[in-house]
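The values are calculated or read from the model by the stated rules, or taken from the named source; none is laboratory data. Just so you know, these numbers come straight off a predicted model, no measurement behind them. Here the Cβ positions follow ideal geometry from the backbone for every residue, glycine too, while neighbour counts run over all protein chains shown. In case anyone asks, the SASA skips ligands and DNA or RNA and just uses the protein heavy atoms, side chains included. Shrake-Rupley method; radii C 1.70, N 1.55, O 1.52, S 1.80 Å.
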Protein chains: 4
Amino acid sequence: MRHDDSQQFASDNYSGICPEAWGAMEAANRGHAPAYGEDAWTARAADAFRDLFETECEVFFAFNGTAANALALAALCQSYHSVICADSAHVETDECGAPEFFSNGSKLLTVRTEGGKLTPEAIRGLAQNRSDIHFPRPRVVTITQPTETGQVYSLAELRALSATCRELGLALHMDGSRFANACASLGCSPADMTWRSGVDVLCFGGTKNGMHAGEAVVFFDRKLAEDFGYRCKQAGQLASKMRFLAAPWVGMLESGAWLRNAAHGNACARHFADSVAGLPGVRALFPVEANAVFLTMPAATMEGLRARGWRFYTFIGGGARFMFAWDARPERVDELVRDLRTLAAAAA
Amino acid sequence: MRHDDSQQFASDNYSGICPEAWGAMEAANRGHAPAYGEDAWTARAADAFRDLFETECEVFFAFNGTAANALALAALCQSYHSVICADSAHVETDECGAPEFFSNGSKLLTVRTEGGKLTPEAIRGLAQNRSDIHFPRPRVVTITQPTETGQVYSLAELRALSATCRELGLALHMDGSRFANACASLGCSPADMTWRSGVDVLCFGGTKNGMHAGEAVVFFDRKLAEDFGYRCKQAGQLASKMRFLAAPWVGMLESGAWLRNAAHGNACARHFADSVAGLPGVRALFPVEANAVFLTMPAATMEGLRARGWRFYTFIGGGARFMFAWDARPERVDELVRDLRTLAAAAA
Amino acid sequence: MRHDDSQQFASDNYSGICPEAWGAMEAANRGHAPAYGEDAWTARAADAFRDLFETECEVFFAFNGTAANALALAALCQSYHSVICADSAHVETDECGAPEFFSNGSKLLTVRTEGGKLTPEAIRGLAQNRSDIHFPRPRVVTITQPTETGQVYSLAELRALSATCRELGLALHMDGSRFANACASLGCSPADMTWRSGVDVLCFGGTKNGMHAGEAVVFFDRKLAEDFGYRCKQAGQLASKMRFLAAPWVGMLESGAWLRNAAHGNACARHFADSVAGLPGVRALFPVEANAVFLTMPAATMEGLRARGWRFYTFIGGGARFMFAWDARPERVDELVRDLRTLAAAAA
Amino acid sequence: MRHDDSQQFASDNYSGICPEAWGAMEAANRGHAPAYGEDAWTARAADAFRDLFETECEVFFAFNGTAANALALAALCQSYHSVICADSAHVETDECGAPEFFSNGSKLLTVRTEGGKLTPEAIRGLAQNRSDIHFPRPRVVTITQPTETGQVYSLAELRALSATCRELGLALHMDGSRFANACASLGCSPADMTWRSGVDVLCFGGTKNGMHAGEAVVFFDRKLAEDFGYRCKQAGQLASKMRFLAAPWVGMLESGAWLRNAAHGNACARHFADSVAGLPGVRALFPVEANAVFLTMPAATMEGLRARGWRFYTFIGGGARFMFAWDARPERVDELVRDLRTLAAAAA
């Protein structure tokens, strides 16, 4: 089947498998190996996470982000508790009620935000708004790093959030479906961006990062991971041939591809944003800090891009979202820049 | 990493990815493709199922058997209904309560069986045992084909079961984690073994059949599939890069590997069973009709096999289970035969 | 124990049991009677509902409004569906996530409203906002009649809502925790306000109406009631000594107390609202159409009322809510008027 | 409506409200009182429990036994845990899957017993049978005191069970729907029969004991009660006019009626059992230790009893169950004895 390059910037979920992940799957496909995570690849992948995070974290491998985040949230609260998140958080807007399903009813309490970033004030306001038994008690805060709008919480922001959480007795969960992009953006260590900043549980996304599938649930507080393996199993997230879910992580982490891939996507986004800055009628909706660029532009310009075959989403803020995956091709980025420049000039 | 051939017959979940599945994944790994099943590979895989089953069935792709079976059962009943199954059914014994979790509480009602096979009488007995509001109303019967003991329901048996189900207002679900082995065993068409015999929903196992992961939920009554896509999404079973879950199915079904793989496993089991028949102190626990052979033997013999490096499970009936996967190596089968022969003779 | 009359207008949940309900409980307390609803009182109560609604509806008796509404909503949708309601709907703001728990995850989609009233446009907007698999599909609309702000949907409004629901394939549920007050307000028949206006399921509140406990779930479309008895049982809402939950309904409905009680509360609210209309600094937040009056007033005036012993809530819109129960004492209403008049004059 | 005295011994759920409970409800029905348990009656009832149990236990009031037991079990385990119980335990056989529903999937593991009594050996066997992730991990043992067969665990038996539980890391829950009957039978203090014997959570039944409705969930380990109020609210078990659920407890406990009622039922059962002992063809199925008597007898004898208007259940062991409620009338017991004597003689 032919692949369609016009979809290059529609979504990082549209990208394929990177060589390092593929190579590891290939290497894992030799002979027989114990199932359900009792194999050597799974142990090696978990160790690679512990090395990466410089701590004895507990690691579990889920098939996708829906499950990873929903399982993690369910582990942090009971059905009569609630989860504080931004109004544009993926768990609220695009998971078809998965957190509520996995937790058997925990309510998501959303904060109205400009760009998807939570603040200590917003958390405090929501957490202290109600304390009666008729409203589910807040127990968890979940943040997306980078946000759905492509912005990155600084370490100082993270620390301020976690301090507020600790003060209020809330756990802090990080939805890191593009965790690597945030790391590459801040240039900090994974440890700094997580447990050293007070994050309790991280969902580290492998799919958008270049794998065929797979997200890791990383518990920095090991007590929170108690019996989590049972939870995964019961919820249909324990792979029988686990080695094929684990090996790609080995390929990504041991080779450094996880960070290279992310840095490449970020650089493409940066280059694109810089190249179209100042075009008439075109404006960035959000600061470009990871691998996404959101642009407002005249409707005719959007139409023109579509007519030239470009694909992009417009579900956040009405702007056009361009995502730059691990395999974004620079020459295609430049073609997109040229097309947009032409269309913007014509519209002006 | 080295693979360990002594595990050859421990479980078909220990096997790797067959060339046809691998090749399709490789072919699918070109450029960008829409996510969440909107890609061409997913459409092609679903069509391949419709061709295979000679009917316009609805097909959904789940990551593993736990989820496929639990989702299918949840779609067939409400939380206050119940599911009739054999006492040795995998959904009862080895899914950590997944059916109860996905259905929010549906109870499994187990029938005490010799070898895991349900009968019309057993179903009738259980379905009519209680009709008061204090006990969850039976709505579904689930059978495993082949059973966990490696036996295969004949077409006549299937038709008798489904007639009973229809009479009692029960849906019939088939857990086909080794569906291909049953097809190969009966030599019948997939259509004959399912909807033509009255099966409403099938979970067709791809993992043990030679894929890296993946089970298909096939609805023959399309009305039962209403909104099932939402169910999968909410439950964390919608792959973002779906093409990598769908393409292997294309490779398996279009090439005929699904049936060849199964036939090979069955033949190895048959050969092994025949070769050890009549050994002193060794006896088959169940008729060998698919790719499993369960043998009782003296404890010392089992010990001897383990001492020689062979791995096998003893969780059903206390016997040793030998599973023959799609890639079972005939020379290793013969080595196992020789070792068992030697040990049995020594024990006699 | 002494009762505290200063709480007279804090909540209609603070009121006691009316003579008609009490008398029926007393009459029911003779000898032995079958449990779990197999008794004569339960049958008679269900018949009383069918008489009242002039139709062969199905009736179930739940212990409280939390359960009645949550069970009804759960019966109308699956976990991956969603429920449209006003932002101030009790099911959203004061049930601790009960609808999400009973339905195993159905999301409530709230419409921002001024006074808690849904409109066809709001429903259409929300129902058609998303149609992708990543967001729970809307299946139910729930309205509160009268609203939490004490307003009543007219029959024309109800018919417009139900027409929209039917057009969009949505079921229409009515949370009638103060259903009788709405009936008394509109002066229409219960049938007109429900099934003749397109309501599918009603939760009819008995507690605030003068019973010790008890809400009736009334299905006008009997097909929707299939197996609902099992649902109630499993969810802990089937009373063993059901006669004591059913008899009060007989007392209320057969005597007409249900309507008299409500009319009295409404009249007190009307009288209070009329009496304080035009007081300086005091203003009604919402039209007074049932038994609630919401007033904005200076903080000092509120303080003054509290200092004189009056109790009231301020959780909606910041105003003071005064609720007039079936047993509101007119002389106390007048005392409250006098106190408020004095305080308002002092503040002016 | 007329009451039917032939149902006197069919079920203690068929009995009415005793004077002490009724009187307290009447006393509570004065004026207004705060809702949702903020009233004085609720505080007084909770204190009465703390006095009765001689410890600072946490007490919650649920509407019925289904909910009380299911909520308690759900508080003690997660969905991927399991609960050990006897095969004849009410939670297994007659709650329509309520424990599974409230816990979102916890599996009940049943022990085959003769008369419904668990033993340390049976618990150990089941708890240690499986320790892999594919089977829900045992976390709770639930026992019914007295059992569904009318037998009473001795204090020594209770202590042996709790020692085993503690050793294995299991919580011990007591379903005490007839708790008072067990206390009366053993002649021990409630404290001795619960926390002093190692019980963690008790569901104390008020309904069969003489109330209109109501069961108390008593946590002896207060940590286990954390946020349990939220759990009750979300699950539809927080009464708005709580005083009417709490006051009867005050009436029962402060007056001693709870124990008198139970002792009377026990004495009637004892008298009945003694009176029919030795009748030809009639034999007690279980030791008579509380208020139930199970008798095997010829089918014709059962028919004869029914023809004379007597009502009884035959769902356990095929025998006829006669239950003696708090209001069992001795002259009716004697009539039953005479009828049975006559019929047994005729059959011999």
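Some points to look at:
- Any hit, segment A:162-175, residues being within 13 Å of the chain's Cα centre (by Cα) and in contact (Cβ under 8 Å) with a residue 40 or more places away in the chain: yes
- Residue satisfying all of: in segment C:27-40; out of contact with any helix residue (DSSP H, G or I) (no Cβ under 6 Å at 6 or more places or on another chain) and more than 8 Å from chain D (Cβ to nearest Cβ); surrounded by the fewest Cβ atoms within 10 Å (Cβ to Cβ) among these: C:GLU38
- Count of segment C:57-111 residues which are touching a Cys at 6+ places or on another chain (Cβ under 8 Å), away from chain D (no Cβ under 14 Å) and surrounded by fewer than 24 Cβ atoms within 10 Å (Cβ to Cβ): 3
- Subset of segment D:313-324 that is in contact (Cβ under 8 Å) with a residue 60 or more places away in the chain and in contact with a helix residue (DSSP H, G or I) (Cβ under 7 Å, 6 or more places away or on another chain) - its residue that is farthest from B:HIS134 (Cα to Cα): D:PHE324
- All conditions but one from (1) more than 24 Å from B:MET193 (Cβ to Cβ); (2) at pLDDT below 95 apply to B:GLY304; the one that does not is (2).
- Listed by first and then second residue, the pairs with beta-carbon distance under 9 Å, at least 6 apart or on different chains, first residue in segment B:45-70 and within 16 Å of B:PHE179 (Cα to Cα) and at pLDDT below 95, second surrounded by fewer than 24 Cβ atoms within 10 Å (Cβ to Cβ) and among the aromatic types (Phe, Trp, Tyr), form an empty list.
- Flag if A:ILE123 is outside any helix (DSSP H, G or I), farther than 19 Å from A:TYR230 by Cβ, of a type outside the set (Ser, Thr, Tyr) and in contact with a Leu (Cβ under 8 Å, 6 or more places away or on another chain): no
- In segment D:325-342, the residues that are open to solvent by less than 50 Å² (accessible area, probe 1.4 Å) and touching a residue at least 40 places away in the same chain (Cβ under 8 Å): D:ALA325, D:TRP326, D:ASP327, D:ALA328, D:ARG332, D:VAL333, D:LEU336, D:VAL337, D:LEU340
- So C:ALA247, is it out of contact with any Cys (no Cβ under 7 Å at 6 or more places or on another chain), buried (at least 16 other Cβ atoms within 10 Å of the Cβ) and in the same structural domain as C:GLY150 (by TED's automatic domain parsing): yes
- Given (1) surrounded by 24 or more Cβ atoms within 10 Å (Cβ to Cβ); (2) in contact with a helix residue (DSSP H, G or I) (Cβ under 7 Å, 6 or more places away or on another chain); (3) within 23 Å of D:GLN128 (Cβ to Cβ), index of the condition D:MET174 fails: (2)
- When residues in segment C:182-213 are screened for being surrounded by 24 or more Cβ atoms within 10 Å (Cβ to Cβ) and without any contact (Cβ under 8 Å) to a residue 24 or more places away in the chain, 0 of them pass.
- When residues of segment A:227-258 are limited to those that are over 17 Å from A:GLY65 (Cβ atoms) and of a type in the set (D, E, K, R), the one farthest from the other protein chains (Cβ to nearest Cβ): A:GLU254
- Where a residue in segment A:78-105 is farther than 19 Å from D:GLY236 by Cα and its partner, wherever it lies, is open to solvent by 10 Å² or more (accessible area, probe 1.4 Å) and charged (D, E, K, R), with Cβ under 6 Å and at least six apart: A:CYS85/A:GLU92; A:ASP87/A:ARG112; A:SER88/A:GLU148; A:HIS90/A:GLU148; A:GLY97/C:LYS107
- Of the residues making up segment C:11-26, those that are closer than 19 Å to D:GLY16 by Cβ and either open to solvent by less than 20 Å² (accessible area, probe 1.4 Å) or free of Cβ contacts under 8 Å to residues at least 12 places away in the same chain (or both) are C:ILE17, C:ALA21, C:ALA24, C:MET25, C:GLU26.
Table: residues versus (1) closer than 24 Å to C:PRO34 by Cα; (2) within 28 Å of the chain's Cα centre (by Cα); (3) open to solvent by 10 Å² or more (accessible area, probe 1.4 Å).
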{"site": "D:THR301", "(1), (2), (3)": "yes, no, no"}
{"site": "D:THR314", "(1), (2), (3)": "yes, yes, yes"}
{"site": "D:MET323", "(1), (2), (3)": "yes, yes, no"}
{"site": "D:ALA344", "(1), (2), (3)": "no, no, no"}
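- Pairs with Cβ under 7 Å, 6+ apart, first in segment B:275-295 and not assigned by TED's automatic domain parsing to the domain that holds B:ALA182, second open to solvent by less than 20 Å² (accessible area, probe 1.4 Å) and of a type in the set (Asp, Glu): B:ASN291/B:ASP12
- Picking from residues in segment A:126-149 that are assigned to a loop (DSSP other than H, G, I, E, B) and surrounded by fewer than 20 Cβ atoms within 10 Å (Cβ to Cβ), the one that is farthest from the other protein chains (Cβ to nearest Cβ) is A:SER131.
- Where C:GLY319 falls short, out of the listed (1) open to solvent by less than 10 Å² (accessible area, probe 1.4 Å); (2) in contact with a Leu (Cβ under 9 Å, 6 or more places away or on another chain); (3) within 26 Å of C:ALA182 (Cα to Cα); (4) at pLDDT 95 or above: (4)
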